[in-house]
Amino acid sequence: MAVTTCVALAACACGPEKSEEDTSTAAKPSQSSGSARPEEPSATPSASPRAEKPSAEPTGDQPAPRTKEGAIQRYEQYLHAVGREDINTVCEVAGPAAKQAEDQGFGPCTSTFVVTFQMISPAQKKALRTATVDPQRVAVLAPDKVEIPTEAIRASVTFSESELGSSTLEYLKSNWYITD
């Protein structure tokens, strides 16, 4: 229905400038080559990926690898945030698309996406909290650009294109962002 349009437009209305700067600052030390943590013992890096998944859920300040898997992880973070009605994470991940919508006359993400939350049923929200993405259905358009179609979303509720829509993610300033 109109949720896709609202999701896309509302998600497109937050300010990516701050998010990208914050992300870029936090991303460079932790995602550069393995030499960023030379003083850490080998047990710490192996524990880091486990700790990184839960901490990546609530905030977008941790970078995702510039890989298809990194894009999927970031998009799942976004889907889970929509399910939790976590406006800050939604607007962080969708920053560039949000800016485009805002430039077209829509309000800021933090106000427009609240309307979208109201259009998503409780069952859909619950499903989004644990939704995953089927990597085989994700199209890599370029090393820094992927397309995630609606049919790639695996959840306990099926979403149509008109309800959720496909998303394009691009790797900008050390993380993946929804750009379309």
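Remarks
- Amide H contacts under 5 Å for L172, placed H, 5+ residues apart: Y177
- Segment D103-E85, extension gain: residue separation times 0.36 nm, minus the distance between their alpha carbons: 4.1 nm
- Packing, taken as the mean count of other beta carbons within 10 Å per residue, orders the peptides 77-86, 117-126, 145-154 from highest to lowest as 77-86, 145-154, 117-126.
- E69 accessible area, assembled protein chains, probe 1.4 Å, Å²: 120 Å²
- Probe 1.4 Å, accessible area per residue of segment 74-143, Å²: 46 Å²
The values are calculated or read from the model by the stated rules, or taken from the named source; none is laboratory data. Small disclaimer: the values here were computed from a predicted structure and weren't measured. Cβ: placed from backbone, ideal geometry, glycine included. Neighbour counts: every protein chain shown. Ligands, DNA and RNA are stripped out before the accessible areas are found, and what is left, the full protein with its side chains, is counted by its heavy atoms. Shrake-Rupley method; radii C 1.70, N 1.55, O 1.52, S 1.80 Å.
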